[in-house]
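Everything on this sheet refers to the single structure shown next.
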């Protein structure tokens with residue numbers, strides 16, 4: 001049984017991140033991953049822009065250009081040049097100089113705030129892309145292997161339902177009419193619903209090139225309820241993608 005992963009590739013910087021979705025044998029533990037020969041790629045996605053590490057390096061390089069350590073100190077060298085030009089203008093009295101310098105300072109502060117907001121938005125988008133793929137991949141892993149008797153490791157609603165069932169078992173309030181198959185069908189339905197919800201919230205800058213859940217979602221964007229029979233057929237046909245036999249390092 002494979003160790004399932006998702007791969008996120010960044011088109012702009014050409015780096016890639018490997019995300020562990022779950023191990024069917026649970027031999028590698030939570031903080032490790034099985035060797036490439038035991039891995040299976042459930043998801044392969046492309047993100048339009050750079051990874052957060054490359055974005056941080058680029059922002060630092062931009063700040064270094066503005067710093068200009070050879071001539072002036074401080075990140076506002078252009079601002080200092082403009083202030084000096086105003087102060088050297090003999091046609092302006094002290095009041096006019098102060099007004100112009102104040103307006104120049106306010107404009108530069110506004111520019112810096114806009115640059116900071118743009119940078120924060122870019123970093124958040126890159127982090128959100130990886131978080132979305134991790135959550136979506138966990139749901140795919142849980143749905144793909146539910147029919148093989150594996151523990152459900154995905155879907156918040158499925159986890160909450162399992163916790164509630166455990167509490168009812170302890171209290172002796174379990175509904176006797178619920179069979180094991182009924183529980184599995186309910187969990188599978190919840191995972192399918194959660195999977196479609198995640199698909200509806202997919203960031204626009206992510207493209208999925210491999211998706212092992214395609215069998216379970218007949219029409220994207222609609223609610224897919226997967227029955228026990230359909231899930232069994234999916235397992236027999238090998239819904240999950242072929243073993244890639246490789247691993248990529250985090251960038």
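The values are calculated or read from the model by the stated rules, or taken from the named source; none is laboratory data. Note that the coordinates shown come from a computational prediction; the quantities given were computed from them, not determined experimentally. Glycine also receives a Cβ, built like all others from the backbone with ideal geometry; neighbour counts cover every protein chain displayed.
What the table below lists for this structure:
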item	result
Test: residue in the stretch 118-125 that is closer than 30 Å to residue 46 by Cβ and in contact with a strand residue (DSSP E or B) (Cβ under 6 Å, 6 or more places away or on another chain)	no
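Yes/no per residue for (1) at pLDDT below 95; (2) under 30 Å from residue 10 (Cβ atoms); (3) in contact with a helix residue (DSSP H, G or I) (Cβ under 6 Å, 6 or more places away or on another chain):
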site	(1), (2), (3)
107	yes, no, no
111	yes, yes, no
123	no, yes, yes
129	no, yes, no
139	yes, yes, yes
143	yes, yes, yes
153	yes, yes, yes
156	yes, yes, no
160	yes, no, no
